[in-house]
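Scroll down for the structure; my scribbles are underneath it.
The values are calculated or read from the model by the stated rules, or taken from the named source; none is laboratory data. Treat the numbers as computed from the prediction; the structure is a model and nothing was measured. Note that each Cβ is placed from the backbone with ideal geometry, even for glycine, and that neighbours are counted across all protein chains shown.
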């Protein structure tokens with residue numbers, strides 16, 4: 001059995017072979033696997049549509065049935081140039097391969113592609129395929145280049161497996177946060193302001209509830225919350241190194257002949273606070289948290305709902321500590337992360353990856369080995385298994401990455417903690433503290449986030465819960481449904497009592513029948529509906545209806561308050 005990524009990548013080659021048979025003039029770019037399936041980008045005169053899918057799929061099935069092998073062949077650069085002489089995009093991709101690196105091609109039948117692989121053994125190992133959609137895609141993602149035609153598809157080893165994937169994709173469409181965000185009146189996105197979110201009252205209620213939840217967690221964990229300017233001078237970004245490495249993603253402005261940039265990240269601001277006065281080793285570790293609004297000039301083609309935006313807030317924090325404190329601080333963070341993820345039910349299938357020293361690292365290897373060992377020991381201390389990602393660390397230090405699994409089995413990398421020796425160094429922002437030896441030292445900086453971008457995490461939650469948020473997070477936790485206008489005063493009294501107890505409640509005062517009010521509340525995914533009639537008003541009670549369990553019977557209002565309080569607390 002081959003990994004699903006390998007099957008998908010091989011399916012992309014099979015699709016390209018089918019397109020070549022049908023459209024011999026086609027020019028080919030790339031065809032990778034994706035988290036959902038695969039795609040391939042083509043340049044051809046024929047304007048593709050979904051009406052072309054049956055013919056392409058039929059040709060693909062012929063290739064699969066032929067069960068021809070995928071052959072890996074190493075070639076010289078000149079041989080590759082000759083093979084792809086009529087394929088300009090392949091020649092450009094060939095030029096990207098560094099001198100001295102191995103150049104490989106893969107053949108399946110009459111189709112040859114420039115590719116690193118791997119692939120399945122033969123085309124028959126891709127048992128089932130389905131083409132799903134079309135899109136335009138600028139070559140290399142640059143809008144200055146020609147737009148190519150991209151075909152998306154799905155693939156699996158068997159039809160049963162493909163049917164399962166398709167069913168999961170259909171469920172994912174129902175849970176799409178972009179659709180639910182509008183249906184539930186949480187937010188909207190304006191095409192004239194790409195990558196920015198307009199939060200509506202209900203969406204902002206969830207946002208603030210999530211932020212306050214994290215704020216309380218980190219307060220108990222010894223963090224101090226700070227706030228730094230949204231716009232900072234170019235000189236600071238030059239000293240931090242961001243101007244040289246990240247300037248193309250920064251929004252830049254000028255004032256009084258000076259250049260400023262909207263911050264794409266919060267770390268330089270945290271060090272400015274650290275450097276505002278002389279620190280002692282007794283001040284360390286110093287845990288500075290900031291819900292700072294960041295802006296990154298992401299390409300418009302990469303934007304995706306509220307999960308990939310230009311304006312966002314992270315549950316960001318920076319810990320300034322000594323080398324001896326690294327392991328303890330990382331372990332403390334891991335415990336915090338596990339605690340938070342368990343509250344969302346994400347702790348069961350959590351995966352951790354330790355990214356180690358890359359080839360283009362800065363700093364000596366002994367320091368790197370110490371840092372990597374500290375991260376590894378911290379994971380062990382809190383009972384977290386981890387995988388090694390060799391050479392995947394940042395140039396300034398190793399890191400841990402935490403990936404959660406949602407209700408549909410999809411992975412999301414959210415939490416991270418990174419060791420940084422460079423930003424506090426004399427060559428960068430020169431953070432110093434006075435050690436026990438009365439000498440000046442540079443602290444180590446830990447960059448960490450539990451949720452990551454709050455916007456992205458909320459997008460994940462919307463899809464994970466399919467918009468049906470748990471009681472503690474729901475924007476409206478209970479809606480009071482009076483049977484008629486005569487009960488409006490009692491309904492308002494019930495609502496006021498709930499609000500005084502700290503719950504988010506409202507009254508449906510529309511002149512509709514009870515069935516219509518219940519259906520409306522169900523569509524809006526409100527956890528509890530409290531029906532009030534004459535008998536409830538006389539008894540000081542409510543007839544409780546649960547979003548998931550239906551009719552819960554009549555109970556005194558005080559009893560319901562205790563019920564919802566315990567559920568929210570749990």
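Exactly one residue out of 162, 186, 210, 180 is surrounded by 13 or more Cβ atoms within 10 Å (Cβ to Cβ) and closer than 25 Å to residue 6 by Cβ, and it is 162.
Quick check, is residue 203 in contact (Cβ under 8 Å) with a residue 40 or more places away in the chain, within 30 Å of residue 60 (Cβ to Cβ), in contact with a strand residue (DSSP E or B) (Cβ under 7 Å, 6 or more places away or on another chain) and crowded, with 17+ Cβ neighbours inside 10 Å? Criteria not met by residue 203. Against the numbered list (1) under 12 Å from the mean Cα position of the chain (by Cα); (2) buried (at least 22 other Cβ atoms within 10 Å of the Cβ); (3) under 30 Å from residue 424 (Cα atoms), residue 445 comes up short only at (1). Could you please let me know if residue 131 is at pLDDT below 95 and in contact with a strand residue (DSSP E or B) (Cβ under 7 Å, 6 or more places away or on another chain)? Judged against the criteria, residue 131 is not a match. Does the range 83-92 contain at least one residue that is part of a strand (DSSP E or B) and either in the same structural domain as residue 10 (by TED's automatic domain parsing) or modelled with pLDDT under 95 (or both)? Among the residues of the range 83-92, not one is part of a strand (DSSP E or B) and either in the same structural domain as residue 10 (by TED's automatic domain parsing) or modelled with pLDDT under 95 (or both), which makes the answer no. Which one of 98, 135 is under 19 Å from residue 154 (Cβ atoms) and assigned by TED's automatic domain parsing to the domain that holds residue 43? Just one listed residue meets the conditions, 135. Once the range 504-526 is narrowed to residues that are touching a strand residue (DSSP E or B) at 6+ places or on another chain (Cβ under 6 Å) and assigned to a loop (DSSP other than H, G, I, E, B), the residue that is nearest to residue 474 (Cα to Cα) is 526.
Each row is one residue, and each column tells you yes or no for (1) over 18 Å from residue 467 (Cα atoms); (2) surrounded by fewer than 19 Cβ atoms within 10 Å (Cβ to Cβ); (3) at pLDDT 95 or above.
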| site | (1), (2), (3) |
| --- | --- |
| 493 | yes, yes, yes |
| 516 | yes, yes, yes |
| 519 | no, yes, yes |
| 532 | yes, no, yes |
| 536 | yes, no, yes |
| 541 | yes, no, yes |
| 545 | yes, no, yes |
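Every condition in (1) touching a helix residue (DSSP H, G or I) at 6+ places or on another chain (Cβ under 7 Å); (2) outside any strand (DSSP E or B); (3) in contact (Cβ under 8 Å) with a residue 60 or more places away in the chain holds for residue 451 except the one numbered (2). The set of residues in the range 247-263 that are surrounded by 14 or more Cβ atoms within 10 Å (Cβ to Cβ) and in a loop (DSSP other than H, G, I, E, B) comprises 250, 251, 263. Count of the range 351-369 residues, restricted to those that are in a helix (DSSP H, G or I) and surrounded by fewer than 14 Cβ atoms within 10 Å (Cβ to Cβ), is 3.
As a summary of the residue check, residue 70 satisfies the conditions (1) on the phi > 0 side of the Ramachandran plot; (2) at pLDDT 95 or above except for the one numbered (1). Given the structure, is residue 52 at pLDDT 95 or above, crowded, with 17+ Cβ neighbours inside 10 Å and in a strand (DSSP E or B)? No, not satisfied.
Against the conditions (1) in contact with a helix residue (DSSP H, G or I) (Cβ under 8 Å, 6 or more places away or on another chain); (2) outside any helix (DSSP H, G or I), where does residue 348 fall short? Just the number, please. For residue 348, the exception is condition (1). None of 10, 33 is modelled with pLDDT under 95, under 33 Å from the mean Cα position of the chain (by Cα) and either surrounded by 19 or more Cβ atoms within 10 Å (Cβ to Cβ) or assigned by TED's automatic domain parsing to the domain that holds residue 412 (or both) except 33. All of (1) in a loop (DSSP other than H, G, I, E, B); (2) in contact with a strand residue (DSSP E or B) (Cβ under 8 Å, 6 or more places away or on another chain); (3) without any contact (Cβ under 8 Å) to a residue 40 or more places away in the chain; (4) over 28 Å from residue 300 (Cα atoms) hold for residue 101 with one exception: (2). Taking the criterion of being in contact with a helix residue (DSSP H, G or I) (Cβ under 9 Å, 6 or more places away or on another chain), assigned to a loop (DSSP other than H, G, I, E, B) and either in contact (Cβ under 8 Å) with a residue 12 or more places away in the chain or in the same structural domain as residue 530 (by TED's automatic domain parsing) (or both), would at least one residue in the range 491-501 satisfy it? Looking for residues that are in contact with a helix residue (DSSP H, G or I) (Cβ under 9 Å, 6 or more places away or on another chain), assigned to a loop (DSSP other than H, G, I, E, B) and either in contact (Cβ under 8 Å) with a residue 12 or more places away in the chain or in the same structural domain as residue 530 (by TED's automatic domain parsing) (or both), one finds at least one in the range 491-501, hence yes.
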